[in-house]
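The values are calculated or read from the model by the stated rules, or taken from the named source; none is laboratory data. A quick note: this is a predicted structure, and the numbers were derived from the prediction, not measured. Cβ placement follows ideal geometry from the backbone for every residue including glycine, while neighbour counts extend to all protein chains displayed.
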Amino acid sequence: MKKVLTKDLSIGDKILKFDRSWMETDFLKHKFIIKDQATIDRIKRNDIQYVYVDAQSSEEKKVEKIYGGEPEEIIEEAAELNENNLIDLDDFNSTTEIYKESIKIVKSVLEDIRGGKLFNTGAVKNVAENITELTMRNKGVLASVTKLRQHDDYTFQHSMNVSIYSASLAAHLGLKEPEIERIASAGLLHDVGKMLVPTDVLNKPGKLTDDEFSIMKNHVQLGYDFLKKQGLPQDMLRLPYEHHERFDGSGYPRGLVDKDISIEGKIGAVVDIYDAITSDRVYHKGMEPPSALKLMFKWADSHINKKVFEFFIMNIGIYPVGSLVLMSTNELAVVGKTNLNKPTAPVVLVFMNKKGQRLPFKAVNLAKSSVNDQKIIGPVNPEKIDIPDEIYTYIDNMNKAE
Ligand SMILES: [Fe+2]
């Protein structure tokens with residue numbers, strides 16, 4: 001429940017309570033969803049200064065619209081959500097640096113643990129603080145750099161990504177800064193137990209035998225015991241301890257069901273699965289985000305909590321026609337045409353490199369498997385970029401052609 005001034009109300013907000021007894025107003029009930037401006041005006045006329053609203057209702061409404069809607073609506077809605085997440089190129093460069101440096105720190109912390117040393121809590125805190133600060137400033141910028149493959153050792157980059165996605169998801173869920181930072185730390189440490197699993201099992205490329213799989217699963221208990229012994233507070237242990245628990249109780253180590261899994265555990269499960277299936281590994285290529293999301297949809301309410309998953313979708317960019325985006329090739333492009341069945345892979349018109357030098361522009365269809373290595377990193381703030389008119393003419397014709 002959130003206290004909101006009457007002047008800040010908007011359509012879609014779910015009112016739970018007024019600042020006075022309902023007898024003193026001309027409303028018959030206090031619990032309702034604002035459907036139109038007239039209702040807001042009526043609340044004002046009743047001289048109600050503030051109301052209590054359901055803290056998540058308007059965000060939830062957006063998510064519902066995203067998933068209930070037609071592809072065109074999905075794109076429009078997601079674009080609106082992305083508006084606050086525009087990347088400034090300077091910001092992006094410094095974020096990329098922070099990301100790279102942080103992975104190195106995570107690596108050294110985790111390798112210390114593997115070597116039987118005490119781990120460096122200060123280093124973990126520093127990285128978590130950076131992640132939190134960047135997330136609070138812009139929920140999208142860090143999530144966008146997770147797509148840059150920086151490290152050949154999966155475990156370190158995965159720990160970093162789980163931390164970033166968890167922090168961003170926590171922010172989308174409306175958690176406050178100290179909680180976000182705690183979750184960012186927990187994300188960095190979620191797989192410490194793997195450092196205590198024999199490396200031949202951990203790095204075995206093929207399928208694990210039943211025995212090896214039990215050893216591997218044991219990383220959760222090992223990690224929990226280790227972190228507890230290091231004196232980490234209980235609330236920081238929840239994500240590491242519960243990230244393999246599943247909605248229907250089929251997870252491990254304790255077989256908890258949804259109602260017994262903490263919010264940290266639910267966040268951990270969603271982001272751990274997402275990063276695992278979208279990451280390139282030595283022996284297989286990661287899935288593209290749209291296929292990963294589709295697959296995860298099937299698991300909603302059997303393996304993962306659907307609500308939490310729906311909020312996670314907001315971490316994944318969908319870009320409308322005409323928006324300026326940064327490509328994984330370090331080039332800038334304008335989205336030319338949306339592939340409706342693959343909204344995260346449109347046709348883009350590449351026209352400039354990141355230094356601002358014009359390139360002969362070319363259309364690239366990201367939905368084609370031949371351009372697998374090219375991805376959109378994120379939406380760019382177009383203010384300082386000079387986009388040539390010919391691109392817009394081209395886009396117009398391209399969309400008129402059908
Ligand atoms: Fe794990």
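Can you confirm whether the stretch 221-235 contains a residue that is within 27 Å of Gly174 (Cβ to Cβ) and touching a strand residue (DSSP E or B) at 6+ places or on another chain (Cβ under 9 Å)?
Within the stretch 221-235, not a single residue is within 27 Å of Gly174 (Cβ to Cβ) and touching a strand residue (DSSP E or B) at 6+ places or on another chain (Cβ under 9 Å).
Take Asp275 and tell me if it is modelled with pLDDT under 95, in the same structural domain as Val162 (by TED's automatic domain parsing) and either within 15 Å of the ligand (Cβ to nearest atom) or touching a His at 6+ places or on another chain (Cβ under 6 Å) (or both).
Yes: the conditions hold for Asp275.
For the stretch 198-234, which residues satisfy the criterion of being of a type in the set (Ser, Thr, Tyr) and either closer than 25 Å to Ser262 by Cα or within 15 Å of the ligand (Cβ to nearest atom) (or both)?
Once the filter is applied, which keeps residues that are of a type in the set (Ser, Thr, Tyr) and either closer than 25 Å to Ser262 by Cα or within 15 Å of the ligand (Cβ to nearest atom) (or both), the stretch 198-234 yields Ser214, Tyr224.
Whether any residue in the stretch 244-263 is part of a helix (DSSP H, G or I) and either in contact with a Gly (Cβ under 7 Å, 6 or more places away or on another chain) or within 16 Å of the ligand (Cβ to nearest atom) (or both) is what I want to check.
Looking for residues that are part of a helix (DSSP H, G or I) and either in contact with a Gly (Cβ under 7 Å, 6 or more places away or on another chain) or within 16 Å of the ligand (Cβ to nearest atom) (or both), one finds none in the stretch 244-263, hence no.
For residues that are among the β-branched types (Val, Ile, Thr) and surrounded by fewer than 22 Cβ atoms within 10 Å (Cβ to Cβ), scanning just the stretch 184-203, find the one that is nearest to Phe226 (Cα to Cα).
So, considering only residues that are among the β-branched types (Val, Ile, Thr) and surrounded by fewer than 22 Cβ atoms within 10 Å (Cβ to Cβ), the one nearest to Phe226 (Cα to Cα) is Val197.
Looking at this structure, is Gly115 modelled with pLDDT of 90 or more, closer than 22 Å to Pro178 by Cα and over 21 Å from the mean Cα position of the chain (by Cα)?
no
Name the pairs: first residue in the stretch 177-201 and in contact (Cβ under 8 Å) with a residue 24 or more places away in the chain and outside the structural domain of Pro233 (by TED's automatic domain parsing), second residue assigned to a loop (DSSP other than H, G, I, E, B) and within 16 Å of the ligand (Cβ to nearest atom), Cβ to Cβ under 6 Å, at least 6 apart or on different chains?
That search, which allows pairs on different chains as well, returns nothing.
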